[in-house]
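Asks: Just passing along the structure, written as structure tokens.
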Amino acid sequence: MDLLSSEIESDCYWRSDNAHKHVTKRKQNPRKRKKREKKSRRIIHFNSKPLSLSLARISGPTELCDSPPPPMDFQVVVLAGGFSKKLVPLVSKEVPKALLPVANRPVLSYVLELLEQSNLKDLIVVVEGEDAAFLVGGWISGAYVDRLHVEVAAVPEDIGTAGALRAIAHHLTAKDILVVSGDLVSDVPPGAVAAAHRRHNAVVTAMLCSAPVSGPADSGSSGVKDKTKKAGRYNLIGLDRSKQFLLYIATGAELENDLRIQKSILRAVGEMEIRADLIDAHLYAFKRTVLQEILDQKDTFQSLKEDLLPYLVRSQLKSEILFNGAPQPEENANEKVASQNNQVLLSQILSNSSRPNFHELHELGSYGSASSRRTHKCCVYIASKSKYCARLNSIQAFSDINRDVIGEVNHLSGYSFSAHNNIIHPSAELGSKTTVGPHCMLGEGSQMGDKCSVKRSVIGRHCRIGSNVKIVNSIVMNHVTIGDGCSIQGSVVCSNVQLQERVVLKDCQVGAGFVVIAGGEYKGESLAKKEK
């Protein structure tokens, strides 16, 4: 509990004064603080098979009750993950994925503030595992008091994004649901995706962004080596001529196979543009009734990206889903009535649009014939190339995003950079002839000895760094001790690590609390304590 409290307090120097006062007051009154925390984090358990769910309201003026919230215009779900195995040893029992630091702020804060800027303040944050949910909920309650109204849902680990939504499906009541990945760092407004979704009356709208170019911009280390990174990690996306409708998507293992596109879609749309330079940002708008129906019927679906989204795309011209609980017209309906209805619909389409979309024409059949067909729309919102969009879903991405946020996209950091294009906290101390270059950050209370050099790196809070230390293209988290004469390049050093004198690290990751013996030299290694 002491660790959690200290992290909340240290996070507050970039937060509002109200949040800082709230945390300070809790520290001065430990008995009242414990009583208030116990009340605000009361967890109500919902038992459902095969998944169990814990839901706790951790901020806002009222406590959670058993009845679902009233319907809203758009309901927001943030999928925050848990203790991701892909990010070991960066994650630990004290630091789940959502709290990994990006420019000395938890990565989840970037999504929460992006939503807050769009006036989306009623959120459900879904976390895998109760321990991770407790840590995430505790941080949110301290950092966003009186700013956001958040419910934290603890779901079982490793159930996937679709499984996480399935677990909380009975708490979704709005007409449309906005689903956002908690590891997204972006300046694309979610409201733009929501507007596109409503404009097309789509069942799903996915945000697509330009694929980032990885790797540090300056010379030196090549950056952290991610052993799990594979070639061809992005998607193949098929778009219509207007670049508004999603016609094809291949992900994961499908990228290794031949390209197979349905003839019905090609016939309906006429031509298709295949793109390999776009990534799925994991920000989706769904029609709630459709989302709940598919999650209920397709109980084997685990992933939104690899299961649910491709299913909706494949079936868009032969839809079997219900809209607002009502089935679409039967194909064997009276031909005369259907023909009249189609003629009326065709005239309405042509009067409202100079170029009807292929879904509308396909529903009518050839030349407005009596053939009645069911369709649903799968849309995309393609972010401008000038916007930033990246997901912290690998060790390489962790390093890349930290580098970007203190570099070319430092407007995302929430800090004011100095004239030297860096941030040195006022309480930090620098020794004689020590230099902190551009695109660097030195956190609260950290101390550096004489003749040190820091380039394109982030150093966390309350670190103790000796003399003649070089840090390049690296991330050093909180409460790290670094001895004299150490050299760190392209590496990640987690909290509470101790590097003794003359240690050399290149392209390494050092897990929380690890001690590296004096004089050790490591390249491309992952150093961490063995779990008991």
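The values are calculated or read from the model by the stated rules, or taken from the named source; none is laboratory data. If you're wondering where the values come from, they're calculated on a predicted model, not measured in any experiment. When we count neighbours, we look across all protein chains shown, and the Cβ atoms used for this are built from the backbone with ideal geometry, even at glycine. All accessible areas refer to the heavy atoms of the entire protein, side chains included, with ligands and DNA or RNA removed. Shrake-Rupley method; radii C 1.70, N 1.55, O 1.52, S 1.80 Å.
Asks: Which one of V472, V504, V515, V497 is touching a Cys at 6+ places or on another chain (Cβ under 9 Å) and among the aliphatic types (A, V, I, L, M)? Quick ask: steps written out before the conclusion?
Replies: Numbers: V472 fails: touching a Cys at 6+ places or on another chain (Cβ under 9 Å); V515 fails: touching a Cys at 6+ places or on another chain (Cβ under 9 Å); V497 fails: touching a Cys at 6+ places or on another chain (Cβ under 9 Å).
On inspection, the qualifying residue turns out to be V504.
Asks: Moving on to the next point. Which of the following residues is in contact (Cβ under 8 Å) with a residue 24 or more places away in the chain and more than 18 Å from the chain's Cα centre (by Cα): A133, A80, A164, A143?
Replies: A143
Asks: Of the residues L108, L135, which is open to solvent by less than 10 Å² (accessible area, probe 1.4 Å), assigned to a helix (DSSP H, G or I) and modelled with pLDDT of 95 or more? So that I can check it myself, show each step before the final result.
Replies: Details: L135 fails: open to solvent by less than 10 Å² (accessible area, probe 1.4 Å).
The match here is L108.
Asks: Give just the number: which of (1) open to solvent by less than 10 Å² (accessible area, probe 1.4 Å); (2) not in a helix (DSSP H, G or I) does D158 not satisfy?
Replies: That leaves (1) as the condition not met.
Asks: So which residues in region 279-311 are in a strand (DSSP E or B) and closer than 18 Å to I249 by Cα? Show your work before the answer.
Replies: The first filter runs over region 279-311 and keeps only residues in a strand (DSSP E or B), leaving 279-287.
I279, D280, A281, H282, L283, Y284, A285, F286, listed by residue number.
Asks: Among what's in region 510-532 and is in a loop (DSSP other than H, G, I, E, B) and open to solvent by 70 Å² or more (accessible area, probe 1.4 Å), pick the residue that is modelled with the lowest pLDDT.
Replies: Of all residues in region 510-532, those in a loop (DSSP other than H, G, I, E, B) come to 511-514, 517-520, 524-525, 528-532.
Going one step further and asking which of them are open to solvent by 70 Å² or more (accessible area, probe 1.4 Å), we end up with 517, 525, 529-532.
Numbers: I517: 96, E525: 96, K529: 86, K530: 80, E531: 69, K532: 60.
By that ranking, first place goes to K532.
Asks: Sticking with this structure for a sec: What's the total number of residues in region 124-139 that are of a type outside the set (D, E) and more than 20 Å from H170 (Cα to Cα)? If you could, list the steps in order and put the result at the bottom.
Replies: Quick first cut of region 124-139, residues of a type outside the set (D, E) only: 124-127, 129, 132-139.
Right, trim to more than 20 Å from H170 (Cα to Cα) and you get 132, 134-139.
Total meeting the criteria: 7.
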